[in-house]
Structures are given as structure tokens and as C-alpha cells.
Protein chains: 2
Amino acid sequence: MSQPRLDQIDRRILHELGKDGRISNAQLAQRIGLSPSPCWQRVRRLEQQGVITNYCAILDQVKLGAAEIVMIEIVLERHDDETLETFGNRMQKMPEVLEVHLTTGEYDYLIKVAVDGTRGYEEFLRRKLYHVPGIRHSRSSFVLRTLKDVQAYLPED
Amino acid sequence: MSQPRLDQIDRRILHELGKDGRISNAQLAQRIGLSPSPCWQRVRRLEQQGVITNYCAILDQVKLGAAEIVMIEIVLERHDDETLETFGNRMQKMPEVLEVHLTTGEYDYLIKVAVDGTRGYEEFLRRKLYHVPGIRHSRSSFVLRTLKDVQAYLPED
DNA sequence: GGTGAAAATTAGAGGTA
DNA sequence: TACCTCTAATTTTCACC
């Protein structure tokens, strides 16, 4: 269950649903060369197994009014459990923070933030990030262009 | 059109569809307190305006067999258009590369890669990344835990 | 923004190999 | 076990208030 076996048909289903999560079951079945019923049963099974965790609409961040993405690496002052935990919790709660990753390497956290221009970035730093205690150092990189952004990778085997 | 005005109802629609992209129009209408027809018209309009760009299934990367995520910062040897372009194109084509961002700051590209353990990471580096010419330096961080990963941020106004 | 109804789709039951 | 056919119930989609 934690590593369900996925045959070629499952893979094709996942591939199609990854590209278009609102495709009708009838169309999906046609594309993968199955009749609707077994196709639907497989989709159900994949959902129940947790391979498919959710479906969601992909929104255009530019049209929502926070067009710039900034990647911020953060080094904390201390590395005990509580400091790490607390910082992560604070970050999670900020709506403009899209991703929060606890990492190993030369920094502790990598966060991805959506801001409205440099003005929005400055506001985020001053009103939000710098109010969170325990940050030793942060390093930001503005995203000039995102060439690829997909949710998942389906290994061949 | 490039910055469509979104009223409160639009925002609630986007919020709901961001959480569940397969919700039926009837249910969506009920949640936002509208009857199905105008709700559906708004969804259509948001799609046509490009605010909603797509729908997709969210897959569990662990169950797909490439459980680890690595963030790799890359500095290129040269920074002319062609070098930058070529590198980005090569990265995009690798299926295990989930995200490719051209950035400003202390590195040129940030890529997010799904690998199967340190073994998979080593394979990626040796068989894929290090075959791409023009890399001056790279710096990797393994993701220990992802606390948040959402697609979009909907500013209040 | 609401109503209603035709068309399409889903979500299964039951059957075959 | 895996797939197919068939169908009732739901949902989408659209013309018209």
C-alpha cells in the first residue's frame, strides 16, 4: 500500500490526469484504450491508495496580482527541534508563502514566496519575515522566469 | 484582461477550486452561495481570462517511487543568452526535474528534482546533470520535510 | 443572477473470459 | 482478477426569464 505496484495502464492514467485533472472518465478511458468502467475503477483505486492525493485548479499567479516569485534561503540562529518547528509553523501560516521546505545543506529552510514586485517583496520582509525571531541570515533570489513547474515525476519503473 | 478585476465571489470560487479542482459545479455553487448557472458562468469566465490555467491531479511523489526532493542551485560559466537558454532547455526536458527557475541573485538557476534516495541523487548528478556543459558550480540541498506546498496565493486585494 | 430541461457523464450492477 | 455492457442517477451545459 505504501508502495503500490503500478502497471503501464496506471501510469498512463496518472500521466493523463496529471496533465488534465478534469478530463471526463469517458475521454480518459478512450485515451488509454480501455472502456470507461475499468478505467474508472483504476482511478478510484489510485485515489484510495493515495497515489492521487487531490485535484486542484492551477491559477495564474500573475493575474492574481502577485506576479513575482522569490526564493528565500534561511539560516536559523539555533537548530534545536523547537526553533526549527516554531519557524516552520510561522512560515506555513503566511498566505503568500507558497512552499516551505526544511532542508539539509547550507541553509535550514527554503521558502517560495509570491510577491507583488520589489515593493511587495520589501513589505514581506519588513512586515512578515523580519518579525519572526531566530533568523540568523537570509538570502533571496528573484525568479526571472520559470521554465518548468510540474507537480510530480512518474519514474519509468 | 491581463489584470482582471476579481470580486469576492470570484475569489471564493478560486479558493474552492484551488482546494478541490474536481468539485461539481452544483456543490461549488452551494458553497459560495450562488445558484449553479451564474457560478458556472464565472468559472468559465475565469478559465477564458486565463486566471484558471489548468486543472491537475496531485500525485504522491513517495508512492510514485521518487520520494526525495533535492533543490539544486546552479551557477553557469557564462551568462550570455545562449548559454542560459540552452541550459534551461536541457533541464526542462529531464522528467525528474520538477521545476526550473532562472533567477537573479547568487546563482543562475534553481532546479527542484525528484530522486529515489541518495542513490538516485548520485545517478541524477552523474548521468544527467554533469553531462550538461557550462556548469561552473552547483550546490544541493536535500529536502528533509516539506511543510507547505501550494500552487497559488490569492491576495486579499 | 435565476429557472428549467436536454445532453452528457458518472457510478455502479451484473455478466464473461 | 480484470475487463466489458448496460443503465439509473447525477451533473453539466445552455436557452430563456
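Observations
- Set of segment B:114-132 residues, backbone N closer than 20 Å to the point 7 Å along the Cα-Cβ line of A:E106: B:122, B:125-126, B:129-130
- Cα centre as origin, Lys/Arg/Asp/Glu Cβ charges: chain B dipole, Debye: 560 debye
- Spatial separation of Cα centroids for segment B:27-102 and segment A:1-44, in angstrom: 20 Å
- Chains A and B, summed buried accessible surface - 1.4 Å probe, Å², nearest 100: 6800 Å²
- Normalised contact order of segment A:1-71, rounded percent, pairs of Cα under 8 Å and 6 or more residues apart: 26 percent
- Spherically averaged projected area in nm², based on the convex hull that wraps the Cα atoms of segment A:8-48: 2.4 nm²
- Note on B:64-72: average number of Cβ atoms from other chains within 10 Å of each residue's Cβ is 4.
- Between 0 and 90°, nearest 10: helix A:8-19 axis offset from chain A longest Cα axis: 50 degrees
- Extension gain for B:K128-B:L144 works out to 3.5 nm (0.36 nm per residue, less the C-alpha to C-alpha distance).
- Sorted from nearest, the other copies put their B:P155 label points 4.1 nm away, the label point being 7 Å from Cα in the direction of Cβ.
- Note on B:K128: lysines with a C-alpha under 29 Å away, same-chain residues under 8 apart excluded, are A:K19, A:K112, A:K148, B:K63, B:K93, B:K112, B:K148.
- With every protein chain in place, chain B: carbon and sulfur % of accessible area (1.4 Å): 47 percent
- Calculated [θ] (222 nm, deg cm²/dmol) that DSSP helices of n ≥ 4 give over chain B, each run adding -39,500 (n - 2.57): -10000 deg cm²/dmol
- Of all chain B residues, the one whose Cβ lies closest to the rotation axis that maps B onto A, given with that distance rounded to whole Å, is B:G21, 3.
- Computed over the protein assembly as shown, the quotient of the alpha carbon radius of gyration and 2.2 N^0.38 Å is 1.04.
- Unit charges at the beta carbon, dipole of the protein assembly as shown: most positive-side option, A:S140, A:P155, B:L110: A:P155
The values are calculated or read from the model by the stated rules, or taken from the named source; none is laboratory data. Being a predicted model, the structure only gives us computed values, none of them experimental. Note: ideal-geometry Cβ built from the backbone for every residue, glycine included; neighbour counts use all protein chains shown. When the accessible area is computed, the model is the full protein with side chains, heavy atoms only, and any ligands, DNA or RNA have been set aside. Shrake-Rupley method; radii C 1.70, N 1.55, O 1.52, S 1.80 Å.
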